[in-house]
Amino acid sequence: MKKTVLITGCTKGIGHAVAKKLLYSEGYEIYGIARQAQTSDLKKEHPSVKLYDCDLSDPYETEKVLRTILDDSSGIDVVINNAGIGNFKPIDQLTLADWSAVLNVNLTAPYLVIHHVLPHMKQQNFGKIITISSDADHLSFTDASAYCASKADLSSLADCVRKEVSGYNITVTTIAPGRVDTNFNHKKPGDRPNSLRAEDIAEQVAFLLTLPERCEIEKIYLNSILEKELH
């Protein structure tokens, strides 16, 4: 029986790579959330994928879309909280709207996803919650107060959820990569050739989904040795 997988931010970068990786494997039915999911390359490449347009910076819209997905899917078995944004400027130039948008996408949306999928996971006594974070969860840098705060809190959120679901056969894993060569922060693939590739993180997700149910990896830190050699 196929496992239902929900991926946020599924049309670009890491989320797109994860979706493609799982789609080329048998046994997964993919549900995806993104701002312009219906017109994405992923939809053109894989028309059977169930995609939902959603602005994850709006908690009310996010919650509405999640209810629709749960109705359509009858429950989610695997969550991949991937969507993330940054707004990189000094904190005295960071507006409340800037701050709220980053926290809503990076932290509130994962909370809402977990909040809504957990009842089904608990009922069936199975689930996998995978969060794509960043090494910014413990490595702060200038002009990134909202981003780093959101990633540190996201890591803590996963740690708390892991304790809460003890006894329900639900695993909770955070993947925290270093710099990845994607469109993030106004870049494009190829701009950072020594960085990790989106496919590298997708490989880690696929690996986690193959683990026996008795196994849980709590956190994966992934970095490019090519970048280390430059410093």
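Read the figures in this text as sums done on the coordinates, not as results from a lab. These figures come from a predicted structure and were not determined experimentally. Here Cβ is always computed from backbone atoms with ideal geometry, including for glycine, and neighbour counts include all displayed protein chains.
Data for the structure
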| item | result |
| --- | --- |
| Residue check, GLU227 in contact (Cβ under 8 Å) with a residue 12 or more places away in the chain and among the charged types (D, E, K, R) | yes |
| Residue, nearest to VAL205 (Cα to Cα), within the stretch 9-21, restricted to residues that are crowded, with 24+ Cβ neighbours inside 10 Å and touching a residue at least 60 places away in the same chain (Cβ under 8 Å) | VAL18 |
| Test result for CYS148, under 16 Å from LEU107 (Cβ atoms) and either free of Cβ contacts under 8 Å to residues at least 12 places away in the same chain or part of a loop (DSSP other than H, G, I, E, B) (or both) | no |
| Search result, residues across the stretch 90-104 that are out of contact with any helix residue (DSSP H, G or I) (no Cβ under 8 Å at 6 or more places or on another chain) and either polar (S, T, N, Q) or surrounded by 17 or more Cβ atoms within 10 Å (Cβ to Cβ) (or both) | GLN93, THR95, SER100, ALA101 |
| Residue match in the stretch 88-95 (condition: within 27 Å of ILE217 (Cα to Cα) and touching a residue at least 60 places away in the same chain (Cβ under 8 Å)) | no |
| The listed residue being under 26 Å from TYR31 (Cα atoms), over 14 Å from the mean Cα position of the chain (by Cα) and without any contact (Cβ under 8 Å) to a residue 24 or more places away in the chain, out of HIS115, HIS186, HIS120 | HIS115 |
| Which numbered condition ASN194 fails, given (1) part of a loop (DSSP other than H, G, I, E, B); (2) in contact with a strand residue (DSSP E or B) (Cβ under 9 Å, 6 or more places away or on another chain) | (2) |
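Yes/no per residue for (1) surrounded by 11 or more Cβ atoms within 10 Å (Cβ to Cβ); (2) closer than 25 Å to LYS2 by Cβ; (3) out of contact with any His (no Cβ under 6 Å at 6 or more places or on another chain); (4) among the aromatic types (Phe, Trp, Tyr):
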residue: VAL165; (1), (2), (3), (4): yes, yes, yes, no
residue: THR171; (1), (2), (3), (4): yes, yes, yes, no
residue: ILE175; (1), (2), (3), (4): yes, yes, yes, no
residue: LYS188; (1), (2), (3), (4): no, no, yes, no
residue: ASP191; (1), (2), (3), (4): yes, no, yes, no
residue: GLN204; (1), (2), (3), (4): yes, yes, yes, no
residue: LEU211; (1), (2), (3), (4): yes, yes, yes, no
residue: GLU216; (1), (2), (3), (4): yes, yes, yes, no
residue: ASN223; (1), (2), (3), (4): yes, no, yes, no
